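This report concerns only the one structure given below.
Values in this text are rule-based calculations from the coordinates and carry no lab data. Just so it is clear, the structure is predicted and the values come from calculations on it, not from any experiment. Note that each Cβ is placed from the backbone with ideal geometry, even for glycine, and that neighbours are counted across all protein chains shown.
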């Protein structure tokens with residue numbers, strides 16, 4: 001059985017969401033958003049930077065949410081939540097799966113640093129505004145893509161677990177403006193999914209950096 005190490009309001013939520021969508025049994029260990037929780041020698045042995053998600057599957061221990069999602073789908077997915085490689089949707093599935101970390105998360109990480117993680121006297125308004133502007137630009141293609149689609153490639157897929165989770169977090173941070181009506185609708189649809197509702201609540205009693 002897969003064991004997932006999770007801290008709430010982090011990328012680990014993507015993996016929990018996928019596991020719930022696949023209706024897989026898994027073991028969960030919640031690590032609080034504290035030095036003791038994430039930087040302990042035990043967890044640094046799993047991830048030298050003290051981050052999540054990490055999964056253990058027998059003798060295998062891997063990190064990086066995108067890699068974990070691909071691993072779970074390839075080993076346990078039974079051809080669910082991703083198009084076949086021969087389909088016309090497959091290239092776009094890959095595009096949006098990786099767009100998340102390539103374009104959306106870097107400025108969002110900076111926003112979290114400048115509004116949540118740094119103490120007020122160390123925050124930089126210029127850096128924050130630059131990150132917000134870049135995040136808005138990065139989300140515009142997603143909003144346009146959703147003009148005629150319920151989900152990123154039409155049907156729900158694991159690309160939504162990656163990028164959809166980031167859109168949810170961006171919206172939670174107030175970074176999705178009212179002009180991005182498609183993303184607003186998309187996030188609302190995501191929030192209504194039972195698997196997402198369950199996954200997003202995991203571990204909140206252990207501490208949540210975003211409240």
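Annotations for the structure displayed:
- Spin-label pair residue 64/residue 123, simplified geometry with 7 Å Cα→Cβ offset, distance in nm: 3.3 nm
- 19 Å reach of a label modelled at residue 39, 7 Å along Cα-to-Cβ, counting backbone N of the stretch 113-130: 113-123
- Annotation: average projected area of the chain is 12.0 square nanometres, based on the convex hull of Cα atoms across all directions.
- GNM result for the chain, Cα springs below 10 Å: residue of 127, 187, 142 fluctuating most strongly: 127
- Relative contact order, whole percent, for the stretch 90-194 stands at 31, derived from Cα pairs under 8 Å and 6 or more residues apart.
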